[in-house]
Amino acid sequence: MGRFTIARAPAVTAMVATTVVAGIVAAPQLSSAAKTTAKTAAAPSYYVNLGDSYAEGYQPGYTNGTETLHGYANRLVADLGSKHKLVLENFGCGGATTTSILTSISCPPVGLANNGVAYPTTSQATAALAFIKAHVGHIGLVTISIGGNDFDSCISSANPVPCVTAAIPVMQANLTTLVDEIRTATGPTTPILGITYPNVALGAWLQGAAGKSFAAEAQAAFALIINPALQAAYTTANATFVNITADTGGFIALSKTTTLKPYGVIPVAVADVCTDTWFCAVHDIHPTNVGYTLIASALDKAYLKAIG
């Protein structure tokens, strides 16, 4: 979706236990098993985030990447706090598709989040997988936001449903490959959470009769085509699908209305997308602070459920 990526904390080197000398008496040497235990306890738990500009945390109207400080990954780390402390490593890249995440080398600096991970010689997926494999046993969470740019152009298409239908098979196949590779690298128990998107096309309802018809078609596209394909790709690799479309009111019947300034009486689903994204205000598909907070909350709940 347009500039569909997040901030990364510096990597922390595992601490190595050393012999402590007290006066002239050396402390007992640790056994190999004890050294391994101490090293494991000291190593951080990493949160690896992949994807597009939603993963980046992009919002319009900000400069120098400051918008990424409000993205869902930063908020998720803050929400989990000290009880589930995670060190964020964000590999997201604004504009990424399910094809480019697997094959395109590097990410333009403008597409990276504040303090995001750069990968000048590899693809995003290759870079993230290399990090995961280098920190086996210390990956606490993986989140993925990808696929929106595969069908984003369909929003302005004269025939959105056929357009989406044509884009979905490639998107699903690529995403299945990506998630399978991540699951193999993390092992069977690491939580992998994949999100879908708010249905920003509902904002077209504000644009007259044609827009109202388009909004109805968009609801059908997300319910019957887009989300089922995303969910199938994630669940195949025992990853959790987080339905952000539903969480942002995307499936509420358009006959149910509310009042929202400055638009007046409009469908609740449209009011939700106007509040959660910038689409109604400036025709930008990215979440507002409210929207990113909602996504982080949904991921928070899914993560806590995954770890029991």
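The values are calculated or read from the model by the stated rules, or taken from the named source; none is laboratory data. These numbers come from a predicted model, not from an experiment. Virtual Cβ from ideal backbone geometry, glycine too; neighbours counted across all protein chains shown.
No other residue among Asn159, Asn174 is polar (S, T, N, Q) and closer than 21 Å to Ser123 by Cβ apart from Asn174. Residues in segment 119-131 include none that are farther than 20 Å from Val77 by Cβ, at pLDDT below 95 and among the small types (Gly, Ala, Ser).
For Ala218, indicate whether it is out of contact with any strand residue (DSSP E or B) (no Cβ under 7 Å at 6 or more places or on another chain) and surrounded by fewer than 17 Cβ atoms within 10 Å (Cβ to Cβ). It is false that Ala218 is out of contact with any strand residue (DSSP E or B) (no Cβ under 7 Å at 6 or more places or on another chain) and surrounded by fewer than 17 Cβ atoms within 10 Å (Cβ to Cβ). For segment 169-190, the set of residues classified as farther than 23 Å from Gly137 by Cα and buried (at least 20 other Cβ atoms within 10 Å of the Cβ) consists of Met171, Gln172, Asn174, Leu175, listed by residue number. Residues that are among the β-branched types (Val, Ile, Thr) and under 17 Å from the mean Cα position of the chain (by Cα) were ranked within segment 221-241; the one that is surrounded by the most Cβ atoms within 10 Å (Cβ to Cβ) is Ile226.
Give the residue that is nearest to Gly51 (Cα to Cα), with candidates limited to residues of segment 259-280 that are part of a helix (DSSP H, G or I) and aliphatic (A, V, I, L, M). Looking at residues that are part of a helix (DSSP H, G or I) and aliphatic (A, V, I, L, M), I get Val273.
Taken together, the residues in segment 68-88 that are in a helix (DSSP H, G or I), more than 14 Å from the chain's Cα centre (by Cα) and of a type outside the set (A, V, I, L, M, F, W, C) amount to 5.
Per-residue answers, yes or no, for (1) in contact with a Cys (Cβ under 8 Å, 6 or more places away or on another chain); (2) surrounded by 22 or more Cβ atoms within 10 Å (Cβ to Cβ); (3) modelled with pLDDT of 50 or more:
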site: Arg8; (1), (2), (3): no, yes, no
site: Ala22; (1), (2), (3): no, no, no
site: Lys35; (1), (2), (3): no, no, no
site: Asn49; (1), (2), (3): no, yes, yes
site: Arg75; (1), (2), (3): no, yes, yes
site: Lys83; (1), (2), (3): no, no, yes
site: Leu86; (1), (2), (3): no, no, yes
site: Ala96; (1), (2), (3): yes, yes, yes
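Looking at segment 130-233, the helices (runs of 4 or more DSSP H) lying wholly inside it that each contain 1 or more residues that are on the phi > 0 side of the Ramachandran plot sit at 208-221. In segment 281-308, which residue that is buried (at least 22 other Cβ atoms within 10 Å of the Cβ) and either part of a loop (DSSP other than H, G, I, E, B) or at pLDDT below 95 (or both) is farthest from the chain's Cα centre (by Cα)? Here the answer is Ile285.
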